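**Student:** Below is a structure I'd like to ask you about.
The values are calculated or read from the model by the stated rules, or taken from the named source; none is laboratory data. All figures in this text were calculated on a predicted structure; none of them were measured in a lab. Using ideal geometry, Cβ is built from the backbone for each residue, glycine included, and neighbour counts are taken over all protein chains shown. All accessible areas refer to the heavy atoms of the entire protein, side chains included, with ligands and DNA or RNA removed. Shrake-Rupley method; radii C 1.70, N 1.55, O 1.52, S 1.80 Å.
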Amino acid sequence: MKRLADRLVIAGVGLIGGSLALALRARGLVGEVVGYGRSAENLRVARRRGIIDRAERDPARAARGADVVVVAVPVQAIAPVIGALAPALPPGAIVTDAGSVKAPVVAAAERVLGEGAGRFCGSHPIAGTEHSGAAAALPDLLEGRRCILTPGPRTAAMTRRRVHAVWEAAGMRVEEMPARTHDKVFALVSHLPHVAAFALVNAVADADRQGPRRALAYAAGGFKDWTRIAASSPEMWRDICLANRDELLGAIDGFGAAVERLRVAIAQGDGDGILAELSRAHTTRRRLGTSTPSAPARLRARRSARRTRGR
Ligand code: NAP
């Protein structure tokens, strides 16, 4: 495969940015990888792990000579970071992001790029774990997962092709969607479940504090499976809640209505009503099937296989 960039800049060398860099490096598709970031400590981890060749905290030094820039910082910081890098970018450089919300991010990125908006195409790699930072990056996190591109009317055809090639080279299945459609879809299937998981943990912890039973000490599979994602970065999820506010509020209202239907049926001792609600969900969920194992699950499985072989 042809080299994608002589100099790749990853702004925000965390779980997503770091995993992309590792995947592209492993395939020999990039020359120098420059990490631009906030804390020196995270950039040190990225250097130590061989994710980046060079760490920069000055945007002009980071942007100089870049071919491809991937901005993988929390959603509200994406446009400001692009704005900081833009003045020093060479004319041929393309820019994408990894943000979980698209319409406001794309609009803000295009605003800060002004005349240069053709070099930007929004992306959302649909992969992740509840862990953050360069220490959490995995070379196969993105492998086999979907990546949604949200090109707008101002995105140049060349930018779109090159951004497509970047995620595809990391093993992702790339598709395109209008940014607004993306935000509606992911409010339902990603943002709502995260908010619900955060709220569920708080509800149980609050009840636990009021009673003498220490319920959380008995939390097992069901509770832990559902709430794994509540261990995700609060900063990242604060930004997603704010950026996708309207879509998320609609999704929360829909969820509230579904919980209320069940609550009423339970309160009325309406067995048929309870069964109807549960059966509908049961059928829908069964149709979805199981997801492919997550990268951390695959890693655990590999480690366990190695331990078994070593015995
Ligand atoms: P992460 O592991 O927390 O990494 C984000 C990195 O950005 C951190 O290393 C952080 O630096 C850096 N950063 C934060 N603010 C910055 C700023 N103003 N300037 C420069 N660097 C800054 O987060 P992530 O999970 O990779 O998420 C990155 C983006 O991908 C987010 O927009 C998120 O919505 C999106 N995304 C996440 C997932 C997921 O499941 N995690 C999935 C798909 C997309 P420090 O370490 O120094 O704080």
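**Student:** Which of the three applies to region 184-285, rounded, prolate or oblate, going by the alpha-carbon gyration tensor with a ≥ b ≥ c and a/c under 1.5 meaning rounded? Don't skip to the answer; put the middle values down first.
**Tutor:** Values: a/c = 1.88, a/b = 1.11, b/c = 1.69.
In terms of gyration-tensor shape, oblate.
**Student:** Considering the Cα positions of region 9-113, please state its Rg to one decimal place and its Dmax as a whole number of Å.
**Tutor:** Computed over the Cα atoms of region 9-113, radius of gyration and Dmax are 12.7, 36 Å.
**Student:** Would you list, by chain and number, the lysines whose Cα falls below 21 Å from the Cα of LYS184, excluding same-chain residues fewer than 8 positions away?
**Tutor:** Result set, ordered by chain and number: LYS102.
**Student:** At 25 °C and a viscosity of 0.890 mPa s, what translational diffusion coefficient does Stokes-Einstein give for the chain, taking Rh as the Kirkwood radius over Cα pairs? Give it in µm²/s as a whole number.
**Tutor:** Working: Rh = 21.1 Å.
Stokes-Einstein gives a translational diffusion coefficient of 116 µm²/s.
**Student:** Applying a 10 Å radius around every beta-carbon, put 43-49, 217-223, 239-245 in order of their mean neighbour count, most first. Write out the running numbers ahead of the final one.
**Tutor:** Numbers: 43-49: 17.7, 217-223: 9.3, 239-245: 19.4.
Highest to lowest by the protection proxy: 239-245, 43-49, 217-223.
**Student:** If you don't mind, another one. Skipping prolines and chain starts, which residues have an amide H placed within reach, meaning under 5 Å, of the one on VAL174, given they are 5 or more residues away or on another chain?
**Tutor:** When sequence neighbours closer than 5 places are left aside, the close amide H contacts are CYS147.
**Student:** If you take the Cα Rg of region 121-170 and divide it by 2.2 N^0.38 Å, with N the number of residues, what do you get? Write down the numbers at each step before the final one.
**Tutor:** On the way: Rg = 12.6 Å, N = 50, 2.2 N^0.38 = 9.7 Å.
That works out to 1.30 for region 121-170.
**Student:** Assuming 1.002 mPa s and 20 °C, estimate D for region 1-60 with Stokes-Einstein, Rh taken as the Kirkwood radius over Cα pairs, in µm²/s. Can you show the working numbers first?
**Tutor:** Working: Rh = 11.2 Å.
D = 191 µm²/s.
**Student:** Further question: For the chain, what is the accessible area per residue in Å² when the probe is 1.4 Å? Write down the numbers at each step before the final one.
**Tutor:** Numbers: 16550 Å² over 311 residues.
Spelled out: the 1.4 Å probe surface of the chain, per residue, equals 53 Å².
**Student:** Contact order normalised by length for region 13-87, with contacts defined as Cα pairs under 8 Å and 6 or more residues apart; what percent is it?
**Tutor:** Relative contact order here is 30 percent.
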